[in-house]
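Dropping a structure here in structure tokens format, bear with me for questions.
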Amino acid sequence: MKVIVVVALYPYDAQGDDELGLHAGERYELTSGEHGGENYGEGWWEGINSYGKHGIFPSNYVSITENGPDHRLTILAQVQII
């Protein structure tokens, strides 16, 4: 499965809990599925940031990067040992 990664062209401040804030120059991995990624809705895409947070953002604030079939973002996740 080909992973699509986009880079933010402009900063965007999330306006709601379902939105993902963007930072210019940062990369985001688009989600997949029938209603994910580029298929989310008119003018909106859904993606994941490098911390694993999902959300939607304006599609005109990002540009698709050149990706190979195995390219993935490195997700920085905190693991809490109890």
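Quick note: the coordinates plus some simple rules give every number you see, no bench work behind them. Bear in mind the structure is a predicted one, so any value in this text is a computation, not a measurement.
Give me the number: length gained by fully extending residue 18 to residue 64, i.e. 0.36 nm times residue separation minus the C-alpha to C-alpha distance, one decimal in nm.
That pair, residue 18 and residue 64, stretches by 14.4 nm at full extension.
Given 0.36 nm per residue, what is the gain on full extension from residue 3 to residue 35 after removing their alpha carbon distance, in nm?
So the chain would gain 10.0 nm between residue 3 and residue 35.
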